[in-house]
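To start, the structure under review is shown below, and the notes come after it.
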Amino acid sequence: MAKKQLRTPRSQVRSALRRLWLRSRERAVALRRDQYACQDCKAKQSRAKGRVIKVEVDHLEGIEWSKILDYIYRHLLVSPKKLETVCAPCHKDRTEARKRIG
């Protein structure tokens, strides 16, 4: 019987990236710069009961999720056959050697 290869689901990776984005310094700076106000209609973020307004930070150039996820699977979440356990000092040495080579 062939062993089924387990992969981290794309939805889980996308969710983790979204959490990173929501806590990013870049997003926080944009919110402060724009004073938590919509740049189109000028509505300000509010949590007041009955007047809840949420603002979001938009990527002006868009986000190509499929390309980002494909890159992550191609270079980070690779098959265990392409992974090897090493101690921290050896990992550092390997990384430095790869930098010198290419």
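The values are calculated or read from the model by the stated rules, or taken from the named source; none is laboratory data. What you see is a predicted model; the values in this text were computed from it and never measured. As a convention, Cβ positions derive from the backbone with ideal geometry for all residues, glycine included, and neighbour counts pool all protein chains shown. The accessibility values were calculated without ligands, DNA or RNA, using every heavy atom of the protein model including side chains. Shrake-Rupley method; radii C 1.70, N 1.55, O 1.52, S 1.80 Å.
Observations on the model:
- Using θ = phi - 60° and Karplus 6.51 cos²θ - 1.76 cosθ + 1.60, couplings along region 23-39 (whole Hz; Gly, Pro as x): 9, 6, 5, 4, 5, 4, 5, 5, 4, 5, 4, 8, 6, 6, 10, 4, 7
- Across q = 0.14, 0.18 Å⁻¹, the chain modelled as identical point scatterers on its alpha-carbon atoms has Debye log10 I(q)/I(0) values of -0.83, -1.05, in the order of the q list.
- Accessible surface computed residue by residue for the chain, with neighbouring protein chains in place and a 1.4 Å probe, gives 96 Å² per residue.
- Charge dipole magnitude, Cβ of K and R +1, D and E -1 - the chain, Cα centre, debye nearest 20: 420
- Within the chain, longest stretch clear of exposed trypsin sites (Lys or Arg not before Pro) (DSSP loop, no more than 16 other Cβ within 10 Å): 55-102
- Helix 88-101 axis, angle to the chain major axis (alpha carbon atoms, nearest 10°): 90
- Proximal lysine pairs, the chain, alpha carbons under 15 Å, eight or more residues apart or interchain: 4
- Accessible area of the chain belonging to carbon and sulfur atoms, whole % at 1.4 Å probe: 54
- Evaluated on region 28-78, the Kirkwood hydrodynamic radius is 13.6 Å, with distances taken between all distinct Cα atoms.
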